[in-house]
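Comments concern the structure below.
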Amino acid sequence: MNSLIIAGLLVLLLGLAYQTGWSKSRSLVTPDGIKVHSRPQYHGALVAIWTLVPALLIVGLWANFGDSATRAFTVSQIPPDVIMGLDEIALNATIQRIGALASGYGVVGEVQPFEQAAGAALRQFQFLSFLLVVAAAAGTGILALLYARSRITARLRARNAVERVMNLALLACSGVAILTTVGIVASLLTEALRFFTFINPLDFFFGTVWAPKFSSTGTGDAGQYGILPLLSGTLMVAAIAMAVAVPVGLMTAIYLSQYAPRSVRAVVKPIIEILAGIPTIVYGFFALVTVGPFLNKAGAMIGLDISATSALTAGVVMGIMIIPFISSLSDDILNQVPLALRDGAYGLGATQSETIRNVLLPAALPGIVGAFLLAVSRAIGETMIVVLAAGNSPVLRGSPFEPVSTITVSIVNQLTGDTDFAGPQSLVGFALGLTLFVMTLLLNIVALYIVRRFREQYE
Amino acid sequence: MDMLAGKVKMTQQSVNNGMNPTDMLERPIRLHAKDVTVHYGAKQALFGISIDIPDRAVTSFIGPSGCGKSTFLRCINRMNDTIEGAKVRGLIELDGEDIYDPALDVVELRARIGMVFQKPNPFPKSIYENVAYGPKIHGLARSKSDLDEIVVSSLRKAGLFEEVKDRLNEPGTGLSGGQQQRLCIARAIAVGPEVILMDEPCSALDPIATAIIEELIDELRENFTIVIVTHSMQQAARVSQKTAFFHLGKLIEEGVTEDIFTNPVNKQTQDYIMGRIG
Ligand SMILES: Nc1ncnc2c1ncn2[C@@H]1O[C@H](COP(=O)(O)OP(=O)(O)OP(=O)(O)O)[C@@H](O)[C@H]1O
Ligand SMILES: [Mg+2]
């Protein structure tokens, strides 16, 4: 409620500031034509910025320190002899009771007189402090507004200043993404490091046995945490998925962008894109119920023993899931290749397939490689399909026909159920997550390298 | 700077030595078009074009924007086949052979009739590969040294070899606009065509690069039949021996370049040349 009022006031102030700057700037223009450097909108915006920044600063300060000030005030309202008798937890409880009384909510149990008094005082304090913040924000805002207004002259370079502020704002926004990434990596890293205080990194990265024991077994033995079985499972499933998706996706893209008449394209492209919208859990179902048994029977016919839940099942279904990524991205990229290049090849007497193979695909290669790598990182990070269809068997095997487990599946297994994030059983999830992250990062770096090597310049 | 100035001057001299009109009229006919019409979907872009194009001379198409010059040019090597909805009717013969005959192989036709486009469009490959591409797909070179020879001689004919001989393996897209256009000409020549079609080959180039290309066209005339579309009447006058004026999808007037520019018969041609339509 209070914050809504403050926001409303700020908006009002902002509008006022803009209007002030705008009209002052307008008034500078006289019939005899003084040349004003910036347009009125920029003057308005500059005054608004000048007004907003100090007001926001004050509100922001209160948002940060208001809580501790309130708390200090509340404590000061509790008689000293009462405080003496309270430990940390009881003190917090009392402070909460007083806060509840002040805001008018009831509290459980009998209300002590000192609580009643403190509640009333706190209520007053809150009201006054709110008024004070609003007044301070509005006051500084208006002072800043007046100052900014007084600076407006025909020669003031308001446009440049506003552009600079916009620049900073944009920078700050991209900073959010960067900071988030840094934060995630840092938390992954610290938790993973904690894991490595339990388990030797060598045993983790080069261990061939994955057999974590849950602490509830009570043996005190943490089990073995070799990542290799999971890694091989992950890579195998991703490789199978790419083996399915790359040819199908790329051919689809070539057909759509080069051969398909417009009417066919208009129907086929949306249908393929629907594939991308199917939730992965549904794909997992499909794998479990349809593809797994089918592969099993098909294998039996040619004398292969294919388990219904296996790397192959998961990989094939994941491949189908990825097809629209590859086909859609590649199609867009192929369409971006300048028509002039295509004409150049046709003009030399190249056939359609020669043109595609020798000119279009090489020109589109960087983008297509990018699409592939995006697809790979999706495959590596995909969870639901493998949880359902890969068989959850974290054993190092070479055959794609047998059940496997992947990094993502093991993270799910280790982090579901009762976890306290104190033992290696759950912390290993962070180490696995970090490994996944590094893998996708490396993929991206390789992708960039390839893209740069193959990039050709068009005007 | 002096060198450049010299080059431009030389160019002007060399393009002034066009054939004399009677000489041109005696040339055998290479391309013969009769009643060519083109529709893009429901829209008609060309109305009954009939024209003869003489062997080993430069023929230029002029006319205001949108009048169908490019469309007609693209009929000659059947590039309109690649445009969805384009429909060509009428007769076009190359050496008496109907190029729209269903039995004729388009690939072979385009090897005989090369094309240079308005915007230089080198492939994203090396300079060498750009020129070698055509000969490769048509199997013109039996060995690597054959291919090398074709590439070098094509680059020479296009007047580019001296400038790029030390960097044949660098991407063709790294050249300047004028060099890229000459690379595209070399690429077209390498296939050994008889006819070269050029659609505003200089419109993306500066005056010096233009002068170099004009000079080149003049030299190529010795060995190739050239058809050039241009918006510059000076250019048409400088490089071509025969000129055809198009307006609103129709061929208004055609004839020896000198005649067209000095005493056009048709009123519309006159207006266009005087800069009154355009
Ligand atoms: N691919 C196409 N689809 C539909 N209409 C087209 C297409 N290409 C050209 N046209 C139309 O055909 C007519 C002739 O176009 P064309 O490109 O041949 O003109 P132009 O004489 O080459 O013009 P410019 O000098 O501007 O290049 C124009 O009206 C144009 O709009
Ligand atoms: Mg044109």
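Here are a few things to note about the model shown:
- Cβ pairs under 7 Å, 6+ apart, first in segment B:60-72 and free of Cβ contacts under 8 Å to residues at least 24 places away in the same chain, second within 9 Å of ligand 2 (Cβ to nearest atom): none
- When segment B:71-117 is filtered for residues that are among the aliphatic types (A, V, I, L, M) and more than 16 Å from the chain's Cα centre (by Cα), the ones remaining, listed by number, are B:I83, B:A86, B:V88, B:L91, B:I92, B:I99, B:A103, B:L104, B:V106, B:V107.
- Residue in segment B:118-128 that is in contact (Cβ under 8 Å) with a residue 24 or more places away in the chain, under 30 Å from B:Q241 (Cα atoms), more than 16 Å from ligand 2 (Cβ to nearest atom) and surrounded by fewer than 17 Cβ atoms within 10 Å (Cβ to Cβ) present: no
- Taking each residue of segment A:285-308 that is touching a residue at least 40 places away in the same chain (Cβ under 8 Å) and looking for partners that are charged (D, E, K, R) with beta-carbon atoms closer than 8 Å, six or more apart or interchain, yields A:G299/A:D305; A:S307/A:E402.
- A:S38 falls short of the stated requirement of being in a helix (DSSP H, G or I) and not β-branched (V, I, T).
- Exclusive hit being over 26 Å from B:I273 (Cβ atoms), surrounded by fewer than 24 Cβ atoms within 10 Å (Cβ to Cβ) and not polar (S, T, N, Q), set B:E200, B:E215, B:E162: B:E162
- Yes/no for A:S405 being buried (at least 21 other Cβ atoms within 10 Å of the Cβ) and at pLDDT 90 or above: yes
- Residue among B:I99, B:I137, B:I83 that is surrounded by fewer than 23 Cβ atoms within 10 Å (Cβ to Cβ), within 16 Å of ligand 2 (Cβ to nearest atom) and within 14 Å of chain A (Cβ to nearest Cβ): B:I83
- A:P247 falls short of the stated requirement of being assigned by TED's automatic domain parsing to the domain that holds A:L427 and either touching a Phe, Trp or Tyr at 6+ places or on another chain (Cβ under 8 Å) or assigned to a loop (DSSP other than H, G, I, E, B) (or both).
- Exactly one residue out of B:I226, B:I217 is modelled with pLDDT of 95 or more, more than 16 Å from ligand 2 (Cβ to nearest atom) and out of contact with any Asp or Glu (no Cβ under 6 Å at 6 or more places or on another chain), and it is B:I226.
- From the list A:P270, A:P338, A:P279, the one residue that fits, being surrounded by fewer than 20 Cβ atoms within 10 Å (Cβ to Cβ) and over 28 Å from the mean Cα position of the chain (by Cα), is A:P338.
- Count of segment A:27-52 residues, restricted to those that are of a type in the set (V, I, T) and at pLDDT 90 or above, is 3.
- Scan of segment B:170-195 for residues that are at the interface with chain A (Cβ under 10 Å from one of its Cβ atoms) and either β-branched (V, I, T) or in a loop (DSSP other than H, G, I, E, B) (or both), ordered by number: B:T173, B:V191, B:P193
- Failed criterion for B:S65 (all others in (1) near ligand 1 (Cβ under 8 Å from one of its atoms); (2) within 13 Å of chain A (Cβ to nearest Cβ); (3) polar (S, T, N, Q) hold): (2)
- Checklist (1) at the interface with chain A (Cβ under 10 Å from one of its Cβ atoms); (2) acidic (D, E); (3) surrounded by 14 or more Cβ atoms within 10 Å (Cβ to Cβ) applied to B:E93, failing item: (1)
- Among the residues of segment B:102-134, just one is of a type in the set (F, W, Y), at the interface with chain A (Cβ under 8 Å from one of its Cβ atoms) and outside any loop (DSSP other than H, G, I, E, B), namely B:Y133.
- Any chance A:L374 is touching a residue at least 40 places away in the same chain (Cβ under 8 Å), touching a Pro at 6+ places or on another chain (Cβ under 9 Å) and either away from every other protein chain (no Cβ under 14 Å) or buried (at least 19 other Cβ atoms within 10 Å of the Cβ) (or both): no
The values are calculated or read from the model by the stated rules, or taken from the named source; none is laboratory data. Predicted model only: the values in this text are computed from it and were never measured. Please note: Cβ atoms are built from the backbone with ideal geometry, for glycine as well, and neighbour counts cover all protein chains shown.
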